[in-house]
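> I have a structure here, written as structure tokens, and I will follow up with some questions on it.
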Amino acid sequence: MKLRSYVRNARRHLAGALVITLVAGVLGALASIALSRTMYVSSATVTLRPVGLVQGDPAGQTALSQLTAGIPILISSQRVLAPAGDSLDPKVPGTDLAKAVVVRAPGQSLVFTAQVTTASRIRAEETMKAVVEQFDKAVAEGALQGGPGDLRLEVASKAINTDEAPGSSLGRMSTVAVAVLAGLLFGLLYLLSRVALDDSVSSAADLAEVTDDSVVAVLSSPDDMDGIRALAGRLDYLIPGPGGRTLALASVAGASASAAQVARSLTDAVPHSVLVDLDLRARPLGEATPGVAEFLAGLALQVEGPVVPAGGPVPNPGELLGREALAGLLSDLATHHRWVVAAAGPLVDTSDGLLAARRVDALLAVVDLGRTRRSQVQEALNVLRAGGGHLAGFVLVGKKG
């Protein structure tokens, strides 16, 4: 396809791409919210003070340093963590709690911090309170005691604060960014795939890229009588000549309903015309008998009426349409009518459309906009060129893309 085709396809599928973009954006935002786990950090700041320290006593200072160094060891020990874990509901083994509690104690400082991070604010705060409570109890029982005299450390103050962990969840702007990126990505992928894969004929411009044959009518629907009357006015220019003339309408591919309806509408608009159903497979104009099938099979001597039906079901439509009797039928009808309009089978997939086209003065190929593919149009053209059918032009049916 040419660049202009891709541009037309892009315009055609832009609305669908916008819908995909919106849906993907919403789903992306919901997914980012669902997948981002908000974590909470509970921090305890504990200050200790020495009791029984004699100022200027070198031995006391040495002992104080040793006691201070034991602070992080104590709070990380099973003496503190095991009972702290047992006090929680549900319980947590002290060994697991040891992995969760992070202690920061600057060297030789009587102030230290401990942190625990969980997905629940309440759980984080309960855990930290339990740890600090057991630490305070251990200190009160003399866990940090030793040296000259009655030197020991005691808890002077403690404070616990629980907050959302920085960067643990997407902020509002981040969620919006994820939604926008997801929407644009999926919308662009959808648009590119539809543009690349859409081979349908949705306008006369699309058809012009396949063939130079003229478009003789563009109908909004098979019964668009304004377009049908305009087409009827062009018939004498499409198929000039005196006497009765024969014209077939055949769908390029797929069901022949559109071609049959156009043929019926055209017959209604053209005086002194007769409608003949040559689609012996689908029989879109009905199965009344006797019809074309019975005449071609030699079961009926003549068929007549403003509408000549296809007749009853037959096992060999192609074989019947290939008989010389079809030319005789159309010639006989042309002697009594100004126009013989035939609804033929599709040009692609079966030989029925071509067999009918070879027996008439000219053929109009019907293209269902948005359904007929460019490749099918090209295949139909190849069939007509190889088989000898005279193509007078194309009739486009449907809303333009």
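FYI, it's all coordinate maths here, none of it is from the lab. Keep in mind that this is a model prediction, so the values were computed, not measured. We place every Cβ from the backbone using ideal geometry, glycine too, and count neighbours over all the protein chains shown.
> Rounding to the nearest 10 and keeping the result within 0 to 90°, find how far the Cα-based axis of helix 225-238 lies from the longest principal axis of the chain.
50 degrees
> Starting from the Cα gyration tensor of the chain, multiply each eigenvalue by 5, take the square root, and state the resulting semi-axes largest first in whole Å.
Taking √(5λ) for each eigenvalue gives 97, 20, 15 Å, largest first.
> Restricting to the chain, compute how many DSSP beta bridges are antiparallel as a %, nearest 5.
If I count the DSSP bridges inside the chain, around 45 percent turn out antiparallel.
> As I understand it, the value is the acute angle between the Cα axis of helix 172-197 and the longest principal axis of the Cα atoms of the chain; what does it come to in degrees, rounded to 10?
30 degrees
> On to the next question. Can you spot the aspartates and glutamates whose alpha carbon is less than 12 Å from Lys137's alpha carbon? Ignore those fewer than 8 places along the same chain.
Within the straight-line cut-off, Lys137 pairs with Glu154.
> Moving to a separate point now. Placing one identical point scatterer on every Cα of the range 307-398 and ignoring solvent, what is log10 I(q)/I(0) from the Debye formula at q = 0.20, 0.21 Å⁻¹?
Evaluating at q = 0.20, 0.21 Å⁻¹ gives log10 I(q)/I(0) of -1.06, -1.15.
> So if I average 1/r over every pair of distinct C-alpha atoms in the range 40-164 and take the inverse, what Kirkwood radius in Å does that give?
The answer is 14.8 Å.
> Under 11 Å from a label point 7 Å along Cα→Cβ of Asp213: give me every residue in the range 334-349 with its amide N that close.
347-348
> Looking at the calculated P(r) for the range 204-397, what percent of the C-alpha pair distances fall above 31 Å?
Here the long-distance tail beyond 31 Å is 9 percent of all Cα pairs in the range 204-397.
> For the range 90-132, with equal point scatterers placed on the C-alpha atoms only and solvent neglected, what are the log10 I(q)/I(0) values from the Debye formula at q = 0.17, 0.29 1/Å, to two decimals?
The Cα Debye sum returns log10 ratios of -0.50, -1.11.
> On a 0 to 90 degree scale, rounded to 10, what angle separates helix 3-35 from the longest Cα axis of the chain?
Roughly 30 degrees, rounded to the nearest 10.
> State, to one decimal in nm, how far the label point of Ser193 lies from the label point of Val54, with both points 7 Å from Cα in the Cβ direction.
For Ser193 paired with Val54, the spin-label model returns 8.5 nm.
> A follow-up question, please. Rank by packing, highest mean first: peptides 74-81, 225-232, with packing defined as the count of other Cβ atoms within 10 Å averaged across residues.
Going from most to least packed, we get 74-81, 225-232.
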